[in-house]
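Novice: Encoded as structure tokens, here's the structure I'll be asking about.
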Amino acid sequence: MHGGDRVAQVLLEQGVQHLFTLCGGHISPILTGAKKRGIRIIDVRDEATAVFAADASARLSGIPGVAAVTAGPGLTNTITAVKNAQLAQSPIVILGGAAPTVLKGKGALQDIDQMKLMRPHVKYAQAVRRVRDLAPMLEQAFSLSQQGVPGPVFVECPIDLLYDESIIRGWYGQATPSGHSFSARLQRTYLNYHLKRQFATDVERPATQKHRDQALHPTAELVARVTTAVRTAQRPVLVIGSQAMLQADQMSSLVSAIEALGVPVYLSGMARGLLGPQHALHLRHKRRLALKESDCVLLAGVPCDFRLDYGSHIPRRATYVSINRSRHDMTMNRRPTISALADAGHFLRALGSTCKVDCSDWLETLRTRDDQREDEIRTESEAGTEHINPLQLLKEIDAVLDDDSIIVADGGDFVATASYTVRPRGPLSWLDPGAFGTLGVGAGFAMGAKLHRPDSETWAIFGDGAFGYSLIEFESFARLKIPLIAVIGNDASWSQIAREQVKLLQDDVGTTLQHSDYHLAAESFGARGFLLESPDDIQPVLLQAKQAASEGQPVLINAILGRSNFRDGSISM
């Protein structure tokens, strides 16, 4: 086996089914080796898309997603996606091609210091120097990506470790001086020594076991302390975040534990949909007010960052419990009354087995507020606007979602509106960027989601600004036969920015777009396109889109929106 085969064999043994990539000569042996072993090669048009797709695959499967990218610009193109995975705590493995080991620093094609570039954005980065080290280093990468706080890991694979030894010797021979001079002989001697060491054989390597997360389990004493705090509270609130969703195969038991506990729940990030669309314990609105009135706040896998107003709305008099794998996130901006350095999912399952409370009066108060806000949104969705009311469109989308659908969110204003109106149907059915707020995740997330759950209807909800990052990938969707449904909220504006910029600075500079024919562009790549301009056409177009996707076609709905004041005052810092 050449080095690329060794890498591919580890991927197979780790349960990887899809390798996301944009091809390059530095990594070709990895791609061919993976294909020979039945791993599907998903070749995209932007390296960032490959990493976003690996991220989505990891979130939904519990197995680290893998992206292979070529050296230099291939790797630099991934940085935003890698950073997004780091902040979202997604376990992914990035395989990066690199210049030949002997030619490092000598002006080789696409030769840069990739380790310095990647180290700030990953849990671990390592360059392989010998063929025999490829497999063990990659096995270590899979393990490290999942342990403790999950995150991306980078393995640099120089080109001269991936091809057959005979090919590499031929390439080096062309670049090595001939003749009998001392310098020429010295260079040839060094090169032979280097190659002999580089290709030194190892003993036969046994097949590896799949590395799986060894999550931090809570102590019985800690669970007992939290049980006491919850039982003595009158107005407890539980906020569950993405970190609680890391054990993809444990969602049913997690839901059972939450139901047994009986505490009102707010869901954020990947936890959206955990309790289904209409669970009695799940509240969707007025979270800030609930936190202000609570006497016991449990944050399960959620830090006190900007999404929770830096913890400022948790009363000082309240018992504040923070459950997190990260010691840093556990104490961010607020020191908890009770700190639990543990996996949030495991902790909630343990808590649900020992603690059950009756919060019916408090829950009724919160439910009344929720229902009032739903009535307000319903009224706003019925207001007439030029073209299409975005709230009406999103409520119509919510009405036609299949029970096993997956929702991908990529954008600002339109997508944030969707978070109020579109209800994920079950666990692991909502994908958004996370804390980094990255635009451009849509195509990759939708690709990774649909490939992992091919029988699930996959909806990608885009703002028209964000969609600019993803348009070219409709060629990939059509070529690879990945049938998703994309909906663009086209208001010809970067509305998330324009709202506050115009109000505060009286200038819309840089925020205006145009009502482009995105549906025609998608059709030119082989997708099915719909232009949606009238509210009367919403339901028929959505049903046609569902039918086309069920027949194997990627679909894009270009929905022309009217102006809405639904999210005034939405700037975040």
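The values are calculated or read from the model by the stated rules, or taken from the named source; none is laboratory data. From a predicted model like this one, the values you see are computed outputs, not experimental measurements. Cβ placement follows ideal geometry from the backbone for every residue including glycine, while neighbour counts extend to all protein chains displayed.
Novice: Condition test on D309, is it within 31 Å of the chain's Cα centre (by Cα), at pLDDT below 95 and on the phi > 0 side of the Ramachandran plot?
Specialist: Here the answer is yes, as D309 does meet what is asked.
Novice: Take A460 and tell me if it is crowded, with 20+ Cβ neighbours inside 10 Å, at pLDDT below 95 and closer than 23 Å to A549 by Cβ.
Specialist: Spelling it out, it is not the case that A460 is crowded, with 20+ Cβ neighbours inside 10 Å, at pLDDT below 95 and closer than 23 Å to A549 by Cβ.
Novice: Can you list the helices (runs of 4 or more DSSP H) lying wholly within region 344-401 that have 3 or more residues being of a type in the set (S, T, Y)?
Specialist: Of the helices (runs of 4 or more DSSP H) lying wholly inside region 344-401, those with at least 3 residues that are of a type in the set (S, T, Y) span 360-381.
Novice: F20 versus (1) over 17 Å from the mean Cα position of the chain (by Cα); (2) modelled with pLDDT of 95 or more: which is the lone unmet condition?
Specialist: So the condition that F20 fails would be (1).
Novice: Of all the helices (runs of 4 or more DSSP H) wholly in region 72-167, which have at least 3 residues that are more than 24 Å from H2 (Cα to Cα)?
Specialist: 79-88, 114-118, 134-146
Novice: Restricting the search to region 553-567, which residues are closer than 14 Å to A418 by Cβ, assigned to a strand (DSSP E or B) and either among the small types (G, A, S) or in contact with an Asp or Glu (Cβ under 6 Å, 6 or more places away or on another chain) (or both)?
Specialist: Within region 553-567, A559, L561 meet the criteria.
Novice: Scan region 102-109 and give yes if some residue there is touching a strand residue (DSSP E or B) at 6+ places or on another chain (Cβ under 6 Å) and among the small types (G, A, S), otherwise no. Full working, then the answer.
Specialist: Taking region 102-109 first, the residues touching a strand residue (DSSP E or B) at 6+ places or on another chain (Cβ under 6 Å) are none.
There is no residue in region 102-109 that is touching a strand residue (DSSP E or B) at 6+ places or on another chain (Cβ under 6 Å) and among the small types (G, A, S).
Yes or no, residue by residue, for (1) touching a Cys at 6+ places or on another chain (Cβ under 9 Å); (2) touching a residue at least 12 places away in the same chain (Cβ under 8 Å); (3) within 19 Å of A409 (Cβ to Cβ):
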| residue | (1), (2), (3) |
| --- | --- |
| E473 | no, yes, yes |
| I485 | no, yes, yes |
| D491 | no, yes, yes |
| V502 | no, no, no |
| G510 | no, yes, no |
| D517 | no, yes, no |
| A527 | no, yes, no |
| A545 | no, yes, yes |
| L561 | no, yes, yes |
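Novice: Taking the conditions exactly as written (of a type in the set (G, A, S) and exposed (fewer than 15 other Cβ atoms within 10 Å of the Cβ)), does S516 satisfy them or not?
Specialist: The answer is no for S516.
Novice: Let me spell it out: the conditions are (1) within 35 Å of the chain's Cα centre (by Cα); (2) modelled with pLDDT of 70 or more; (3) surrounded by fewer than 11 Cβ atoms within 10 Å (Cβ to Cβ), and S181 meets all of them except one. Which number is the exception?
Specialist: So the condition that S181 fails would be (1).
Novice: So, one more: Residues to consider are S470, S524, S495, S476; find the one that is of a type in the set (S, T, Y) and surrounded by fewer than 17 Cβ atoms within 10 Å (Cβ to Cβ).
Specialist: Criteria check complete, one pass: S524.
Novice: Going by the structure shown, is L289 exposed (fewer than 15 other Cβ atoms within 10 Å of the Cβ), touching a helix residue (DSSP H, G or I) at 6+ places or on another chain (Cβ under 9 Å), of a type in the set (A, V, I, L, M, F, W, C) and touching a residue at least 12 places away in the same chain (Cβ under 8 Å)?
Specialist: Yes; evaluated as a whole, the condition is true for this residue.
Novice: For region 22-45, enumerate the residues that are in contact (Cβ under 8 Å) with a residue 24 or more places away in the chain and hydrophobic (A, V, I, L, M, F, W, C).
Specialist: L22, C23, I27, I30, L31, A34, I39, I42, V44 - these are the residues of region 22-45 that are in contact (Cβ under 8 Å) with a residue 24 or more places away in the chain and hydrophobic (A, V, I, L, M, F, W, C).
Novice: Would you mind stating whether L134 is hydrophobic (A, V, I, L, M, F, W, C) and under 19 Å from L195 (Cβ atoms)?
Specialist: It is true that L134 is hydrophobic (A, V, I, L, M, F, W, C) and under 19 Å from L195 (Cβ atoms).
Novice: So, in region 261-319, of the ones that are of a type in the set (K, R) and part of a helix (DSSP H, G or I), which residue ends up nearest to D371 (Cα to Cα)?
Specialist: R287
Novice: Separate question: Out of all the residues in region 28-69, which are in a helix (DSSP H, G or I), within 19 Å of the chain's Cα centre (by Cα) and aliphatic (A, V, I, L, M)?
Specialist: Result: A48, A50, V51, A53, A54, A56, A58, L60.
Novice: OK, next. Taking the condition of being under 33 Å from the mean Cα position of the chain (by Cα) and among the hydroxyl-bearing types (S, T, Y), how many residues in region 355-411 meet it?
Specialist: 2
Here's the yes/no breakdown for (1) buried (at least 23 other Cβ atoms within 10 Å of the Cβ); (2) within 19 Å of L267 (Cβ to Cβ):
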{"position": "D371", "(1), (2)": "no, yes"}
{"position": "R378", "(1), (2)": "no, no"}
{"position": "L394", "(1), (2)": "yes, yes"}
{"position": "R423", "(1), (2)": "no, yes"}
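Novice: A follow-up question, please. Failed condition for A418, given (1) modelled with pLDDT under 95; (2) over 21 Å from A244 (Cβ atoms); (3) in a loop (DSSP other than H, G, I, E, B), with all others met?
Specialist: The failed condition is (3).
Novice: Sticking with this one: Quick one: would you say A58 is modelled with pLDDT of 95 or more, touching a Phe, Trp or Tyr at 6+ places or on another chain (Cβ under 6 Å) and of a type in the set (A, V, I, L, M, F, W, C)?
Specialist: No.
Novice: In addition: So for region 397-406 (the condition being touching a residue at least 40 places away in the same chain (Cβ under 8 Å), on the phi > 0 side of the Ramachandran plot and surrounded by fewer than 24 Cβ atoms within 10 Å (Cβ to Cβ)), does at least one residue qualify?
Specialist: No; the residues of region 397-406 include none that is touching a residue at least 40 places away in the same chain (Cβ under 8 Å), on the phi > 0 side of the Ramachandran plot and surrounded by fewer than 24 Cβ atoms within 10 Å (Cβ to Cβ).
Novice: Within region 9-21, identify whether any single residue is among the aliphatic types (A, V, I, L, M), without any contact (Cβ under 8 Å) to a residue 40 or more places away in the chain and either in a loop (DSSP other than H, G, I, E, B) or out of contact with any Phe, Trp or Tyr (no Cβ under 8 Å at 6 or more places or on another chain) (or both), and answer yes or no. Please lay out each step first, then the result.
Specialist: So in region 9-21, the residues among the aliphatic types (A, V, I, L, M) come out as 10-12, 16, 19.
Checking which are without any contact (Cβ under 8 Å) to a residue 40 or more places away in the chain leaves us with 12.
Cutting the leftovers down to either in a loop (DSSP other than H, G, I, E, B) or out of contact with any Phe, Trp or Tyr (no Cβ under 8 Å at 6 or more places or on another chain) (or both) gives us 12.
Yes, region 9-21 contains at least one residue that is among the aliphatic types (A, V, I, L, M), without any contact (Cβ under 8 Å) to a residue 40 or more places away in the chain and either in a loop (DSSP other than H, G, I, E, B) or out of contact with any Phe, Trp or Tyr (no Cβ under 8 Å at 6 or more places or on another chain) (or both).
Novice: Every residue in region 234-264 that is more than 19 Å from A435 (Cβ to Cβ), under 23 Å from the mean Cα position of the chain (by Cα) and surrounded by 17 or more Cβ atoms within 10 Å (Cβ to Cβ), please.
Specialist: If the condition is that a residue be more than 19 Å from A435 (Cβ to Cβ), under 23 Å from the mean Cα position of the chain (by Cα) and surrounded by 17 or more Cβ atoms within 10 Å (Cβ to Cβ), then Q247, Q250, M251, L254, V255 are the ones that fit.
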